[in-house]
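Take a look at the structure set out below.
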Amino acid sequence: MHPVIHLLATRPAWLAEHAQAYAELGKAELADAGAQCGRALVLGVLSLCALGVGAILAGVAVMLWAVMPDLTERAGWLLLATPAVPLGLALAGLVALWRVWSGPLFLLLRQQVQADLMLLREASEQ
């Protein structure tokens with residue numbers, strides 16, 4: 001007789017507890033995934049806003065340089081530094097966004113399923 005059928009016939013409470021543990025693990029993993037998606041959304045929006053501000057400031061700096069070429073002699077570094085700050089923030093936000101998404105989703109649940117499948121294979125071989 002297959003071990004799962006044997007357990008279901010002899011100890012159904014164990015299987016019910018196991019299913020409940022799976023549900024709780026799934027709920028916790030889903031909450032973590034939701035939090036990860038929320039962080040990614042916030043980082044993406046902030047990075048996009050910083051990129052927009054940096055692009056606008058870069059355009060203004062180019063227009064100022066075109067209209068007042070003598071400004072580069074006095075404060076040319078300022079024309080470069082002003083858009084560089086929000087562009088640097090956008091780059092930092094994109095790096096943080098990449099790190100948020102690099103983590104695997106539902107890792108514990110996948111590991112538990114693999115462990116249970118391996119246990120079932122071992123039990124069915126005996």
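Some values worked out for this structure:
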read-out	value
Residue satisfying condition, being within 30 Å of Trp77 (Cα to Cα) and assigned to a helix (DSSP H, G or I), within set Leu46, Leu15, Leu41	Leu46
Selected residue [out of contact with any Phe, Trp or Tyr (no Cβ under 8 Å at 6 or more places or on another chain), buried (at least 17 other Cβ atoms within 10 Å of the Cβ), of a type in the set (A, V, I, L, M) and within 30 Å of Leu109 (Cα to Cα)] from Leu43, Leu89, Leu51	Leu43
Near pairs, Cβ below 8 angstrom, 6+ apart or cross-chain, from region 99-126 (in contact (Cβ under 8 Å) with a residue 24 or more places away in the chain) to any residue that is among the basic types (Lys, Arg) and surrounded by 11 or more Cβ atoms within 10 Å (Cβ to Cβ)	Val100/Arg39
Total residues in region 79-107, condition assigned to a helix (DSSP H, G or I), among the aromatic types (Phe, Trp, Tyr) and farther than 30 Å from Leu57 by Cβ	0
Residue check, Leu120 of a type outside the set (Gly, Ala, Ser) and part of a helix (DSSP H, G or I)	yes
Failed item in (1) surrounded by 15 or more Cβ atoms within 10 Å (Cβ to Cβ); (2) over 30 Å from Gly59 (Cα atoms), with Arg110 passing the rest	(1)
Tally of residues being in a helix (DSSP H, G or I) and exposed (fewer than 12 other Cβ atoms within 10 Å of the Cβ) across region 63-74	5
Hits in region 74-114 (condition: in contact with a Leu (Cβ under 7 Å, 6 or more places away or on another chain), modelled with pLDDT of 90 or more and within 16 Å of Arg39 (Cα to Cα))	Ala90, Gly93, Ala96, Leu97
Matching residues in region 54-109 - criterion: being aromatic (Phe, Trp, Tyr) and within 34 Å of the chain's Cα centre (by Cα)	Trp98, Trp101, Phe106
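Residues checked against (1) at positive phi; (2) in contact (Cβ under 8 Å) with a residue 12 or more places away in the chain; (3) among the acidic types (Asp, Glu):
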| position | (1), (2), (3) |
| --- | --- |
| Leu15 | no, no, no |
| Ala21 | no, no, no |
| Glu24 | no, no, yes |
| Gly44 | no, yes, no |
| Thr82 | no, yes, no |
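The values are calculated or read from the model by the stated rules, or taken from the named source; none is laboratory data. Note that this is a predicted model, so its numbers are computed, not measured. Note that we place each Cβ from the backbone using ideal geometry, even for glycine, and neighbour counts take in every protein chain shown.
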